[in-house]
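Below: one structure, written as structure tokens.
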Amino acid sequence: MRRAVKALYAVLVTALLAAPAPALTASARSEGPARAADAPRSARPTAPAEPIAPAPAPTAPPTPRIPGVRGLEIGVPAYVWANDRVLSDLTATGPAASVVVLNPGNGDSPFDAPWQARADALRGGTTTTGEKTKVLGYVHTDHGNRDPAAVRASVDNYLKTPDGRLHVDGIFFDVVSRDCGPGNATRDLYADLRRYVQDTMHATDPAAPDLVVNNPGTAIADCYLEPGRRTADVFVTYEDTYAAYVSGGWLGGNVFDHLTGYRAGTELDPSGTAFWHLVHGVPDDEAMRTTLRTAFDRGAGYAYATGAAMPNPWNTAPAWKYHPQTTYAATLG
């Protein structure tokens, strides 16, 4: 059965104006070797408000993948306003993306009624395997240096809503350290945050499946996947350009050990869905398919390719839209 599941980019928290809006930032690359300098994200104008249409039904009955057969799913970081056309397009896409990350002010602007409505509409989408789209709330962590109380407050912004309902399926922790820290202290901090998400969600709905993602944007120390101390369900282990992805920018694996180096990490990922690759600066739709095939071959269970580039590749739709990615990804496996 299928399971419910940066180069160093640092999140710059942009001064928010009066209206709550997403801080248009992408993940920060953590302490990997030879990483680029942190880069700011540019603002995107607010799109005119428009009604949020329900997600479409799939055009053909979805066929779940055979249990035990690994595939590839599309996960989209969408760092835009709640009424932006990017989210309208994602809501209307069938087959739907498997995961969409929403980002209201780096998680610190109110996750209010417009955001909740958008999240609910996205969650109505149906993927190629018949599952519903999972929506995650963005929370930045500053490589584990942000005050844990502030991080938990950002989590609460999504999970403790006035109506007492869950409108998201989990949390996307960004700017995550790739290293364990002295005595595994950094790893344990993220493990505590994962438990906080789980406990908070289950207090509202004991049956809610929770999905926690860590984004170091590069290969992560294998301590993060240690049984019993795992810090997330899914790890973004690549976030960089297409040029780097198909050349020397791929370090050789999704996980690493300081003594033995990089490896695929498949032995730590029995479900085949633990790793997510985000690739920007993809030149055309043929390169998009190459990206997805390469991600699958490198052990990713989730991927996303866009032609958009820095300073913010996550605030616009790819030229080839979303449908070609969701349908092509379904052929892999």
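Ordered by residue, what ³J(HN,Hα) values in Hz, to whole numbers, does region 280-287 give under the Karplus form 6.51 cos²θ - 1.76 cosθ + 1.60, where θ = phi - 60° and Gly and Pro are x? Computed from phi, the couplings for region 280-287 are 10, x, 7, x, 7, 5, 5, 5 Hz.
Evaluated over the Cα positions of region 284-333, the convex hull gives a direction-averaged projected area, one quarter of its surface, of 3.5 nm².
All alpha carbon pair distances within region 203-246 were sorted into 10 Å bins beginning at 0; the resulting P(r) in whole percents reads 23, 38, 26, 10, 2.
For R146 and K321 in one chain, what is 0.36 nm times their gap in residues minus the Cα-Cα distance, to one decimal in nm? Could the numbers behind the result be given before it?
Working: separation 175, 0.36 × 175 = 63.00 nm, distance 3.51 nm.
That pair, R146 and K321, stretches by 59.5 nm at full extension.
In region 171-307, the DSSP beta bridges split such that about 15 percent are antiparallel, to the nearest 5.
Charges at C-beta only: +1 for Lys and Arg, -1 for Asp and Glu. How large is the resulting dipole of region 99-170 about its Cα centre, in Debye rounded to 20?
Values: 8 positive and 9 negative charges, 36 e Å.
In total the dipole reaches around 180 debye.
By the Cα gyration tensor, region 174-333 has an equivalent ellipsoid whose semi-axes, rounded to whole angstrom, run 27, 19, 15 from largest to smallest.
To one decimal place, what orientation-averaged projected area in nm² is obtained for the convex hull of the Cα set of region 160-264? Numbers along the way, then the final one.
Values: hull surface 32.3 nm².
In nm², the orientation-averaged hull projection of region 160-264 is 8.1.
Note on region 261-333: with neighbouring protein chains present and a 1.4 Å probe, carbon and sulfur make up 53 percent of its accessible heavy-atom surface. For region 231-314, the extents of the C-alpha atoms along the principal axes are 35, 25, 22 Å, listed from largest to smallest. Surface exposure of region 193-248, expressed per residue as accessible area with a 1.4 Å probe, stands at 34 Å². The alpha-carbon of K134 sits under 19 angstrom from the alpha-carbons of these aspartates and glutamates, leaving out residues fewer than 8 places away in its chain: E73, D84, D89, D112, D120, D156, D169, D174, D199, D205, D210, D233. Taking every protein chain into account, the 1.4 Å probe leaves Y242 with about 40 Å² of accessible area, to the nearest ten.
Past the 17 angstrom mark, what percentage of all C-alpha to C-alpha distances in region 247-292 do you count? Mind dumping the intermediate values first?
Numbers: 497 of 1035 pairs.
It works out to 48 percent of all Cα pairs.
Taken one residue at a time, the phi angles of region 74-83 give Karplus couplings (6.51, -1.76, 1.60, θ = phi - 60°) of 9, x, 10, x, 10, 9, 9, 5, 4, 9 Hz. Gly and Pro are set to x. For region 123-134, the Karplus equation 6.51 cos²θ - 1.76 cosθ + 1.60, evaluated at θ = phi - 60°, returns couplings of 5, x, x, 10, 7, 5, 9, x, 7, 8, 4, 9 Hz by residue, with Gly and Pro reported as x.
Once divided by 2.2 N^0.38 Å, the Cα radius of gyration of region 143-219 becomes 1.13. When only alpha carbons of region 211-275 are considered, Rg and Dmax amount to 11.7, 37 Å.
Based on the reciprocal of the average 1/r between different C-alpha atoms, the Kirkwood radius for region 92-247 equals 16.2 Å. A 1.4 Å probe run over region 66-126, with the rest of the protein chains in place, finds 26 Å² accessible per residue.
Ligands, DNA and RNA aside, E267 has an accessible area near 110 Å² when probed at 1.4 Å.
The values are calculated or read from the model by the stated rules, or taken from the named source; none is laboratory data. This structure is a prediction, so every number in the text was calculated from the model and none was measured. All Cβ positions, glycine included, derive from the backbone under ideal geometry; neighbour counts span all protein chains shown. Side chains are part of the model used for accessible areas, which takes the heavy atoms of the whole protein and leaves out ligands, DNA and RNA. Shrake-Rupley method; radii C 1.70, N 1.55, O 1.52, S 1.80 Å.
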